[in-house]
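The block underneath contains the structure these notes are about, expressed in structure tokens.
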């Protein structure tokens with residue numbers, strides 16, 4: 001499917017961190033190099049199939065936990081095979097890379113490997129709210145949100161994007177699997193320090209209710 | 001010299017090994033034939049701990065059972081910095097106590113699921129997994145808000161406490177009991193911070209942080 | 001696995017471990033599964049073991065059950081040969097024990113291959129069976145065994161803590177013998193008696209194609225060895241492998257050499273996979289694509 005999906009708030013993956021997510025059943029390792037480059041790869045080392053999410057970031061490389069093979073940020077190219085340290089790994093040995101772009105607050109991934117970066121504007125004044133994981137299909141989550149959010153009406157942008165215009169709030173749905181969805185949410189504009197935590201808690205509570213309703217319906 | 005009655009694959013024993021290593025307190029480990037020998041249920045061991053459970057420590061005649069209790073003792077007795085169990089801060093001790101209780105819940109859910117899936121122990125596996133997910137969801141939410149408030153640890157802002165060590169093992173071993181941590185990204189970030197505590201050691205099933 | 005396709009004779013008509021005796025002695029009765037067939041094992045007062053199972057749907061007694069090496073063995077079909085032999089267990093001065101059986105959510109073939117693997121020792125077992133910077137795996141020899149299976153020799157790894165008895169590191173010589181599709185034996189140089197080797201065998205019980213129980217049999221020369229320490233070390237080491245195994249995708253072992261990338265250090269793995277194809281093993285594997 002040639003489509004971009006939000007998969008994480010940008011600051012949920014700080015430099016050096018390796019995170020784990022899934023999109024439409026495709027497992028992803030989401031990791032940010034020391035220099036700040038965010039990568040989304042198929043969660044599987046090409047050597048013996050071990051999940052790369054068990055691995056760790058070493059500078060600009062991701063190191064598999066099993067045999068410590070290292071793969072370069074950006075290209076996914078294998079750069080080092082410790083059992084043969086003097087040899088340069090064949091250029092065919094690489095992790096499978098998925099296109100990814102960041103818009104200032106969220107990271108977007110496309111499962112079509114040659115997709116060009118999406119023209120998402122860098123909306124750097126947005127605030128990412130806490131993402132909520134629901135054990136419910138995306139349709140159930142969409143349905144619950146469309147019925148209203150905290151007394152406000154919700155509009156459908158596209159299948160996976162909804163908004164509460166008078167609250168300057170946008171929801172981005174990540175279909176994890178057929179039965180699981182992550183609700184990402186952003187507020188337009190920056191928040192001042194005094195109101196941040198209150199607003200975070202407010203929306204976390206509302207989204208948790210939406211999650212509970214979607215799970216009950218599923 | 002402290003003697004620790006120990007089993008390599010016990011998350012509760014690991015909590016004690018971890019703090020002993022962080023505090024650089026020397027100890028001697030007595031390897032117990034937990035599986036399949038069930039040495040922890042033998043007559044001689046029941047005299048040390050009538051509950052027949054590990055870990056137990058013997059510190060020059062002081063016998064203690066219960067991993068959480070041992071952490072309280074070791075931190076109180078051997079931590080010169082006072083960070084791991086800040087005895088002068090009643091509110092902090094209360095919060096730590098809260099999370100030590102939470103850690104017991106993790107043992108009873110995620111720990112039990114792991115024992116079922118690995119060592120053939122009979123439990124209501126559906127109930128254990130659901131119980132673990134309920135706790136992990138609460139933990140993830142708590143850690144996310146702590147991060148937003150600039151706090152890097154479970155219930156203390158600047159330094160980790162024994163609450164972090166008490167919750168860490170059975171969280172990190174949850175997948176051995178069929179409990180995925182994909183829904184809990186804040187837990188993953190907290191775990192990385194725990195792994196970088198000076199003196200951190202892993203146990204089988206938990207990998208250390210990269211050398212970077 | 002095609003439900004109507006029978007399981008290949010090389011597995012169906014062979015003996016497999018199905019329980020650790022000391023565990024069965026504790027409970028008297030135990031449920032398990034072999035090659036997808038649910039089984040019930042019962043230990044009588046006189047120490048004899050019997051089994052029932054439903055290989056064709058109806059519950060029947062399973063006639064081929066034996067106790068050997070502290071394990072209960074069962075054959076679902078008609079045994080084509082005897083239980084795999086471990087002559088080292090009969091040397092009178094060796095300490096012989098089972099290692100503590102552990103369930104793993106992966107094909108037993110993956111578990112056997114992991115046991116053969118040298119490249120992971122410095123990472124997964126860092127501080128014990130290997131250590132950086134000693135990561136290079138020098139060429140070693142792999143050849144077929146006359147009675148079937150493969151033999152890997154001239155393997156050598158620097159190990160900081162090769163066994164529970166040793167707190168000093170040294171270069172350890174390894175020999176591996178894959179004797180059956182789901183059975184691999186490791187011989188490690190003993191630090192005290194240079195002519196004798198420690199024996200550690202992994203016997204994987206194929207529960208289903210994607211789940212196994214790792215049974216372990218050990219026979220060590222007697223120096224500074226006790227059962228509790230041997231079990232502690234074995235379970236510590238296997239406990240380090242377990243999350244790796246449970247996170248391999250796919251869970252079944254791919255036999256097609258194009259599915260996963262091998263380097264020279266993976267020689268024993270490449271031979272193992274080729275041998276499995278040659279003897280017709282499909283259960284627990286992703287068979288090689290037809291040419």
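Each value in this text was obtained by applying a stated rule to the coordinates, not by laboratory testing. Quantities reported herein were computed from a predicted structural model and do not represent experimental measurements. Positions of Cβ are generated from backbone atoms using ideal geometry, with glycine treated the same way; all protein chains shown enter the neighbour counts.
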Revision key, fill the gap. For B:175, B:60, C:147, ascending order of other Cβ atoms within 10 Å (fewest first) is B:60, C:147, B:175
Review point. For C:90-103, what's the mean count of beta carbons from other chains sitting within 10 Å of each residue's beta carbon?
Key: 2
**Study point:** Relative contact order computed over the stretch C:87-286 (Cα-Cα under 8 Å; 6+ residues apart), in percent
**Key:** 29 percent
Revision key, fill the gap. Once normalised by the length of the stretch C:208-291, the mean sequence separation of its alpha carbon contacts under 8 Å that are 6 or more apart gives a contact order in percent of 40 percent
Study note, to complete from the structure: By the C-alpha gyration tensor axes a ≥ b ≥ c (rounded if a/c is under 1.5, else prolate when a/b exceeds b/c, else oblate), the shape of chain A is prolate
Exercise for review: Tally the DSSP beta bridges in the stretch B:1-89 and give the antiparallel ones as a percent, rounded to 5.
Suggested key: 60 percent
Point to revise | Normalised alpha carbon radius of gyration of the protein assembly as shown [divisor 2.2 N^0.38 Å] | key: 0.99
Study note, to complete from the structure: With Cα springs under 10 Å, the Gaussian network model of chain C assigns the largest mean-square fluctuation among C:235, C:205, C:248 to C:248
Revision key, fill the gap. Distance in Å, no decimals, from the C-alpha centre of the stretch C:5-76 to the one of the stretch A:1-48 is 45 Å
Point to revise | Equivalent ellipsoid dimensions for the stretch A:18-64 as semi-axes, Å, which come from the Cα gyration tensor, largest first | key: 17, 13, 7
Exercise for review: Give me a single rounded figure for A:41-54: the average over its residues of other chain Cβ atoms within 10 Å of their Cβ.
Suggested key: 5
Exercise for review: Could you give me the percent of Cα pairs per 10 Å distance bin for the stretch C:127-177, shortest bin first, beginning at zero and ending with the bin that holds the maximum distance?
Suggested key: 25, 42, 25, 8
Exercise for review: For chain A, with a Gaussian network of springs between Cα atoms less than 10 Å apart, report the residue from A:32, A:113, A:63 with the top mean-square fluctuation.
Suggested key: A:113
**Study point:** Inter-chain shielding of A:10-22 (mean C-beta neighbours from other protein chains, 10 Å cut-off)
**Key:** 3
Practice item. Please work out the C-alpha center-to-center distance from the stretch B:84-110 to the stretch A:150-218 and express it in whole Å. Key: 32 Å
Check your understanding: Is chain C best put as rounded, prolate or oblate by its Cα gyration tensor, with a ≥ b ≥ c the root eigenvalues, rounded for a/c under 1.5, and otherwise prolate when a/b is larger than b/c, oblate when not?
Key -> oblate
Exercise for review: Decide, for chain B, between rounded, prolate and oblate: order the square roots of the alpha carbon gyration tensor eigenvalues as a ≥ b ≥ c, take rounded if a/c falls under 1.5, and otherwise choose prolate if a/b is larger than b/c, else oblate.
Suggested key: oblate
**Study point:** Per residue, the convex hull volume that the Cα atoms of the stretch A:115-178 enclose (Å³)
**Key:** 119 Å³
Review point. What length, rounded to one decimal in nm, is gained on full extension from residue B:158 through to residue B:69, with 0.36 nm per residue of separation minus their alpha-carbon distance?
Key: 29.7 nm
Exercise for review: In a Gaussian network model over chain A where Cα atoms closer than 10 Å are linked, find which of A:193, A:19, A:35 has the largest mean-square fluctuation.
Suggested key: A:193
Review point. Sorted by mean Cβ packing within 10 Å, highest first, what order do the peptides C:7-13, B:162-168, C:28-34, C:250-256 take?
Key: B:162-168, C:250-256, C:7-13, C:28-34
Revision key, fill the gap. Once residue A:216 and residue A:112 are pulled to full extension, the length gained, defined as 0.36 nm per residue separation minus their Cα-Cα distance, is 34.1 nm
Review point. Which whole-number percent gives the relative contact order of chain B, counting Cα pairs below 8 Å spaced six or more residues apart?
Key: 22 percent
Review point. Can you give the convex hull volume per residue for the Cα atoms of the stretch B:2-78, as a whole number of Å³?
Key: 79 Å³
Revision key, fill the gap. Note on the protein assembly as shown, DSSP bridge orientation, antiparallel percent to nearest 5 equals 95 percent
Check your understanding: To the nearest 0.05, what FRET efficiency results for residue C:153 and residue C:91 with a Förster distance of 22 Å applied to their C-beta separation?
Key -> 0.60
Revision key, fill the gap. Burial-style ranking of B:148-155, B:67-74, C:107-114, A:97-104, average other-beta-carbon count within 10 Å with highest first, yields C:107-114, B:67-74, A:97-104, B:148-155
Point to revise | the stretch C:26-43 residues near the modelled residue C:59 label - backbone nitrogen below 16 Å, point 7 Å along Cα→Cβ | key: C:29-33, C:37-43
Exercise for review: Would you mind pulling out the separation of the Cα centroids of the stretch C:230-282 and the stretch B:142-212, in Å?
Suggested key: 30 Å
Exercise for review: Please arrange B:104, B:158, C:193 by counting, for each residue, the other beta carbons lying within 10 Å of its beta carbon, fewest first.
Suggested key: B:158, C:193, B:104
Practice item. Given the peptides A:180-187, C:94-101, arrange them by the average over their residues of other C-beta atoms within 10 Å, most packed first. Key: A:180-187, C:94-101
**Study point:** Rough spin-label spacing in nm, given labels placed 7 Å along Cα→Cβ, for residue C:141 and residue B:122
**Key:** 5.3 nm
Review point. Per the Kirkwood treatment, what hydrodynamic radius in Å, one decimal, follows for the stretch B:90-195 from the mean inverse distance over all distinct Cα pairs?
Key: 13.9 Å
